[in-house]
Amino acid sequence: MEGRVKQRIHFAAGIVATMTIATFFVSTILVELFGMHAAIATVKGLIVVPGLFILVPAIVVTGGTGFALSASRKGRLIQVKQKRMPFIGVNGVFVLIPCAIILDHWASAGAFDTAFYMVQGIELVAGAINLSLMRMNIRDGLKLSGRFRAPS
């Protein structure tokens, strides 16, 4: 695959992944603040299906194309992006996905208890961390591509 095509696929998949997580995050906060239990259960269900079926492939494509693009490049920004990626992945696979599935199960059963809100808090913190790291990776990717210049 040509380098420019890989860059575009990488960028698009990264934006889809970031916007999907942002949508999960904002939807969760809004429904918790203004929704009834039935609305919370609906949002939790939509995060799992179709949400995870959008997010997981987007992250896989972002990681795969990012790995391919970085193979021929060196530099501080590449190293920094590469150091963030394992944390984003581990946080997603071992915290965010399990939290989403557990919260969907509990919400659909009407179990809005202390455990639900503790796991909800963990999910929100982990989501905020991943969003922040992904935003930094997008910023650094834009710098690498020449589309964004840091203020001097």
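Every read-out reported here was derived from the displayed coordinates using simple, explicitly stated rules and does not represent laboratory data. Computed from a predicted model, the values in this text were never measured in an experiment. Virtual Cβ from ideal backbone geometry, glycine too; neighbours counted across all protein chains shown.
The table that follows gives values for the structure above.
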quantity: The stretch 1-93: trypsin sites (Lys or Arg not before Pro) in DSSP coil with no more than 13 other Cβ atoms inside 10 Å; calculated: Arg73, Lys74
quantity: From phi via Karplus (6.51, -1.76, 1.60), per-residue ³J(HN,Hα) for the stretch 114-120 in Hz, x at Gly/Pro; calculated: 4, 4, 4, 6, 5, 5, 4
quantity: Structure-based [θ]222 nm, the chain - -39500 (n - 2.57) summed over DSSP H runs of at least 4, per residue, nearest 500; calculated: -27500 deg cm²/dmol
quantity: The chain: relative contact order in percent, alpha carbon pairs under 8 Å with at least 6 residues between; calculated: 32 percent
quantity: Span from the the stretch 1-39 Cα centroid across to the the stretch 73-152 one, whole angstrom; calculated: 10 Å
quantity: Within the chain: Cβ-based charge dipole about Cα centre, in debye rounded to nearest 20 (Lys, Arg +1; Asp, Glu -1); calculated: 1220 debye
quantity: Listed residue (Tyr117, Leu33, Ile21) projecting farthest to the positive dipole end of the chain, Cβ model; calculated: Ile21
quantity: Cβ charges +1 (Lys, Arg) and -1 (Asp, Glu), total dipole of the stretch 1-91, debye; calculated: 600 debye
quantity: Estimated FRET transfer efficiency when R0 is 41 angstrom, pair Gln79-Ala109 (beta carbons, to 0.05); calculated: 0.35
quantity: Long-range HN-HN contacts of Phe112 with modeled amide H, under 5 Å; calculated: none
